[in-house]
């Protein structure tokens, strides 16, 4: 768990506080019983996956459904990050998430 607070954030010329926590689910389904606690009162989701592992594309669908759709978050509250290790031998060009997962990425 990583926590961060900044009491001096400015929004619309108003000083407000900002607090966020990052929780790592680890991607392991054995921790699924903990997911409701991680999702409680969440305002956004960051999903990081390895683009070099084909099974991760299917796992993205599950994570997106569970952590974004079922929590009624908007796509703008979700950041999807594809990790790729340069020189890993699987340089396949750009990844089409919509075609492969049905998820529509925004940039």
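The values are calculated or read from the model by the stated rules, or taken from the named source; none is laboratory data. Since the model is a prediction, treat every value here as computed from it, not as a measurement. Cβ sites come from the backbone with ideal geometry, for glycine too, and all protein chains shown count toward neighbours.
Here are a few things to note about the model shown:
- Failed item in (1) surrounded by fewer than 11 Cβ atoms within 10 Å (Cβ to Cβ); (2) at negative phi; (3) modelled with pLDDT of 85 or more, with residue 22 passing the rest: (3)
- All positions within segment 43-66 that are part of a loop (DSSP other than H, G, I, E, B) and modelled with pLDDT of 85 or more: 43, 44
- Total residues in segment 67-84, condition touching a residue at least 24 places away in the same chain (Cβ under 8 Å), surrounded by fewer than 16 Cβ atoms within 10 Å (Cβ to Cβ) and part of a helix (DSSP H, G or I): 3
- The condition of being at pLDDT 75 or above and loosely packed, with under 10 Cβ neighbours inside 10 Å holds for only one of 11, 33, 94, that being 33.
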